[in-house]
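Working notes, structure below.
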Amino acid sequence: MHKIITAKKTKKLLSSDKEISLIDIREIGPHSNGHPFFSISIPYSVFEIELKKLVPNKNVMVIIFDQNDKLSEIACKQAEKIGYKNLFVLENGIKGWIDQGYKLFDGINVPSKAFGEIVELKNKTPYIKPESLAKKIKNKENILILDGRPFDEFKKMNIPKGICCPNMEMPVRIEKKIDKKTEIIVNCAGRTRSIIGAQNLINFGINNNVKALENGTQGWFLSDLKLEQNQNRKLPLPKLKPNKTFTKKAAQLIKKFKLQKINFKQASNILKDESRTTYLFDITTREKKYSNFNKGIRNVPGGQLIQATDKYIGVMNAQIILLDDGDLIRSTMTASWLKKMGFHAFIYDGDQTKLKSLLPK
């Protein structure tokens, strides 16, 4: 049986360290036009399917809101039927939130975008304007333009001379491709992944001059510069095991950012704790469809996970176990950002085959 909760009480909970899922069951259009900052979108039309993915722990506190049209009550009944136990309906829906004087935020992936702006402001991440980059391309300067988006996005449109290279894999993919004099420009469609990608390379300790492209492909287009379409350029991922360079660098970053590396026994204890929500992500970029999703491991490249946390993580203050191919550098860099975003991120260093034995059949 669900309970009614006020906007004021909900706002207070959002500022706590409690695990909570605030779910907007309106369709994506109304959600994009304005929603509470930390709410996630699960439209009623796909509610039951997406709820299981985004909120895997059925004991967590779930607050559902609508357009003040009683749809939340129906959604709660569906959630109850599949085992959710701690359900609340936001009093008067989105109207109740507005009536209390609380702000709405438009767009999607709002927390991630706001985080990117904070990263740039705090770190003074260097950037380059589209016109300046265009001149460098024209003059054939020693530059490398890395597009941090997934390959399917890259193929739709890209900066001329750009090459696809997922954000969290940049250090390992470019290791032997450049000299110290090469200037690296990181871009995405807009801002967030450009900023995170560039700062990631800086945090990694690369010796090259690194900049983020201001406003990505969008800024390029708005500057009346031409984009390319349907390109296939991408940097391959080298064989990483064993690689002492990356293992050593991962250890340095774990110490620097005070991250936590866990073994099988520790992971087992975390996963057995039903009082906490724990997600497992394989954050490597894979060409083929990942087969372990139904077993509890979801493949989400690290850069995408940071770019769209609300798309993959439905519970605030949740725990996250990260897996890569064993080098740990990609999971370490991803964990460093997730920790700053308020999540409890763990770097798994153990037998992944053994880990799968802990997951639902």
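Restricting the trypsin sites (Lys or Arg not before Pro) of segment 83-131 to loop positions (DSSP other than H, G, I, E, B) with no more than 14 neighbouring Cβ atoms within 10 Å leaves LYS85, LYS103, LYS124.
Taking ARG286, ARG149, ARG298 as the candidate residues, the one with maximal mean-square fluctuation in a Gaussian network model of the chain, Cα springs under 10 Å, is ARG286. If the segment from ASP106 to LYS12 were pulled out straight at 0.36 nm per residue, it would be longer than the present Cα-Cα gap by 31.7 nm.
Per residue, the average separation of C-alpha pairs within less than 8 Å and at least 6 apart gives the chain a relative contact order of 18 percent. In this simple spin-label approximation, ASN207 and GLN229 carry label points 7 Å from Cα along the Cα→Cβ vector, and these lie 4.2 nm apart.
For the chain, with all protein chains present and a 1.4 Å probe, just round the carbon and sulfur fraction of the accessible area to a whole percent.
Details: 9380 of 17960 Å².
With neighbouring chains kept in place, the figure for the chain is 52 percent.
Annotation: amide H-H contacts under 5 Å for LYS234 (H modelled 1.01 Å from N, sequence separation of 5 or more, or interchain): CYS164. Rounded to the nearest 10 square angstrom, GLU91 shows an accessible area of 80 square angstrom against a 1.4 Å probe. Segment 8-45 and segment 256-274 have Cα centres separated by 28 Å. Whole-Hz Karplus values for segment 45-62 come out as 5, 10, 4, 5, 5, 6, 4, 5, 6, 7, 10, x, 8, 6, 9, 6, 6, 10 Hz, taken residue by residue from phi with 6.51 cos²θ - 1.76 cosθ + 1.60 and θ = phi - 60°; glycine and proline positions read x. Based on protein heavy atoms only, the chain ends up with 50 Å² per residue of surface accessible to a 1.4 Å probe. Across segment 167-321, the fraction of Cα-Cα pairs farther apart than 20 Å, rounded to a whole number, is 62%. The local environment of PHE264, defined by Cβ-Cβ distances under 10 Å, has a net charge of 0 under the rule Lys, Arg +1 and Asp, Glu -1.
Straight-line cross-link reach from LYS95 at under 17 Å between alpha-carbon atoms covers these aspartates and glutamates, not counting any fewer than eight positions away in the same chain: ASP24, GLU27, ASP66, ASP69, GLU73, ASP106. Once both labels are positioned 7 Å from their Cα atoms along Cα-to-Cβ, the gap between LYS177 and ILE98 label points is 4.7 nm. Residues whose amide H comes within less than 5 Å of that of ILE262, counting only those at least five positions distant or on another chain, are ILE347, TYR348, ASP349 (H built at 1.01 Å from N in the peptide plane). When only the Cβ of Lys, Arg, Asp and Glu is charged (+1, +1, -1, -1), the dipole of segment 181-247 relative to its Cα centre reaches about 440 debye. Excluding residues fewer than 8 places away in the same chain, name every one of the aspartates and glutamates whose C-alpha is closer than 18 Å to that of LYS181. Counting by Cα, and skipping residues close in sequence, LYS181 has these aspartates and glutamates nearby: GLU141.
Using θ = phi - 60° in the Karplus curve 6.51 cos²θ - 1.76 cosθ + 1.60, the 3J(HN,Hα) couplings for segment 110-115 round to 4, x, 5, 5, 5, 4 Hz; x is entered for Gly and Pro. Near LEU22, the amide H atoms lying under 5 Å from its own belong to ILE40, ILE63, MET316; only residues 5 or more places off or on other chains count, and H is placed 1.01 Å from N.
Relative to the Cα centre, the charge distribution of segment 104-204, modelled as +1 at Lys and Arg Cβ and -1 at Asp and Glu Cβ, gives a dipole magnitude of about 380 debye.
The values are calculated or read from the model by the stated rules, or taken from the named source; none is laboratory data. The model shown is predicted, which means the values in this text are computed figures rather than measured ones. Using ideal geometry, Cβ is built from the backbone for each residue, glycine included, and neighbour counts are taken over all protein chains shown. Heads up: the accessible areas ignore ligands, DNA and RNA and are worked out on the full protein's heavy atoms, side chains in. Shrake-Rupley method; radii C 1.70, N 1.55, O 1.52, S 1.80 Å.
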